[in-house]
Amino acid sequence: MVRLITHNLLACHVKNCNANNFPLEFQNVQLEIREAEFNPEFVKGFLPKIEWKALVDTARQLGDTSLPNEQPEMLDDDFLKNLHHVLLEIHVEEGSMVCPNCKHEYPISSGIPNMLLAEHEIA
Amino acid sequence: MSRPELQAPPEIWYGDIEAKKYTANTRNQQIQADMTYRALELLNLPPDEPAFLLDIGCGSGLSGEILDAEGYIWTGVDVAPSMLEVALEREVEGDLFLQDIGQGFGFRPGSFDGAISISVLQWLLNAETSHPTSSPPHRLTRFFTTLHSALKNPSRAVFQFYPTSDDQIQLITSIAQKAGFGGGIVVDYPNSKKARKVFLCLYVGQQKSQQVPQGLDGDEEQDAKVRFERRRQSEKVRSKSKRKAVKGRDWILKKKELYRKRGKEQVPRDSKYTGRKRKATF
Ligand SMILES: [Zn+2]
């Protein structure tokens, strides 16, 4: 059940991998769409935490083109609903996330990413 | 009875059978629920803002179901795959990660509005190999440092845990302080052998009061859920907020319908009480 809301917060945590380690790149993904309750207050409150370009690029890679290149200044309902969908309703069930810097692969199985590191990768 | 954390690492201890047994045990469910509500109370979130929380050692989602019911959006991490599998079966709404918290987090700065953790910290106190990164101080340092950065400023992280000695408490709090946290230890019902609970309340940034909250005391254990919801209700009245904290009736009905379609058993029947805001009882 990894969704873009958490993917957008997640950088690589391998030892000495401190730059260019975000966003992790999805590979070979299987998606599932599951409806979630729309809470405009939550979505608005979450906006300042978002790395916008990473979110838009990742959503497009997963086939959702509803978000504009730039974060709009006017937050109308349509925009918030699209953002809600991208953040909370697209579930990556299978595949992996790969670090753009060190290429560490975090496999995703039954929706759960495996973030465990080998001994030599622990900071 | 010897403590489980002294017998095996958590991902081994909570194998398939133990994970199911633990989750199905109604006494465990009740204790876990009480501690979750108490942790939420100590977290002291603003009543009128939706929050994004981290559940550290989320296990099979017993706390997560409460976070769902209280309207929080959350992410959970746990090192035991069998527990996460049970959480999937129970269809909790949070994102789940297989993660060893002693290896640290990769979450960006300010990701979470708060964190809770129930019965987990004591697992960090045992070394599993002789590798330097597996010593308890190293793992605690890595954990608290990356957690501190993942929390927004200001915010809190609340851990219920089972220390075996004052030395353990000392080790944990000193490393948390070095990682930048304020706060300290809250002990509920210190004089009751049965009800005594230890909470580590950690603060990021400046709080309204830097004082650690008082522990609960008295002859009788109070219902933590009632306390939490009553308090949140009264704070909401004070701040005149219009926030809908509890999920809407329509949403709950829709979710139940979904479960039925998936053939899930034991979905509670709809009633006129479905989705109704619970009244705090006095
Ligand atoms: Zn990396």
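Annotations
- Top-ranked residue in the range A:82-110 [being within 13 Å of another protein chain (Cβ to nearest Cβ) and closer than 20 Å to B:PHE52 by Cβ; ranked as nearest to the ligand (Cβ to nearest atom)]: A:MET97
- Leading residue by the ranking (farthest from the ligand (Cβ to nearest atom)) among those in the range A:25-40 that are in contact with a helix residue (DSSP H, G or I) (Cβ under 7 Å, 6 or more places away or on another chain) and either of a type in the set (Gly, Ala, Ser) or within 20 Å of B:GLY106 (Cβ to Cβ) (or both): A:ALA36
Conditions tested, residue by residue: (1) over 19 Å from the mean Cα position of the chain (by Cα); (2) within 12 Å of chain A (Cβ to nearest Cβ); (3) farther than 27 Å from B:LYS197 by Cα; (4) without any contact (Cβ under 8 Å) to a residue 12 or more places away in the chain.
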| site | (1), (2), (3), (4) |
| --- | --- |
| B:LEU88 | no, yes, yes, yes |
| B:GLY104 | no, yes, no, no |
| B:ASP113 | no, yes, no, no |
| B:ASN126 | yes, no, no, no |
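- Cβ-Cβ distances below 6 Å connect the following pairs, each with a first residue in the range A:4-22 that is outside any loop (DSSP other than H, G, I, E, B), a second residue that is more than 9 Å from the ligand (Cβ to nearest atom) and of a type in the set (D, E, K, R), and a separation of six or more residues or different chains: A:THR6/B:ASP95.
- In the range B:197-215, the residues that are within 22 Å of B:ALA33 (Cα to Cα), free of Cβ contacts under 8 Å to residues at least 60 places away in the same chain and either touching a Lys or Arg at 6+ places or on another chain (Cβ under 8 Å) or surrounded by 14 or more Cβ atoms within 10 Å (Cβ to Cβ) (or both): B:VAL198, B:LEU202, B:GLY215
- Flag for B:ASP68 being touching a strand residue (DSSP E or B) at 6+ places or on another chain (Cβ under 9 Å) and surrounded by fewer than 20 Cβ atoms within 10 Å (Cβ to Cβ): yes
- Qualifying positions in the range A:32-76 - assigned to a loop (DSSP other than H, G, I, E, B) and within 14 Å of chain B (Cβ to nearest Cβ): A:ARG34, A:GLU35, A:ALA36, A:GLU37, A:PHE38, A:ASN39, A:ILE50, A:GLU51
- Answer from B:LEU54, B:LEU45 - the residue that is buried (at least 22 other Cβ atoms within 10 Å of the Cβ) and of a type outside the set (Lys, Arg): B:LEU54
- The condition of being away from the ligand (no atom under 16 Å from the Cβ) and within 22 Å of A:ALA118 (Cβ to Cβ) holds for only one of A:VAL14, A:VAL2, A:VAL43, that being A:VAL2.
Read the figures in this text as sums done on the coordinates, not as results from a lab. As the structure is a prediction and not an experimental result, all values here were calculated from the model. When we count neighbours, we look across all protein chains shown, and the Cβ atoms used for this are built from the backbone with ideal geometry, even at glycine.
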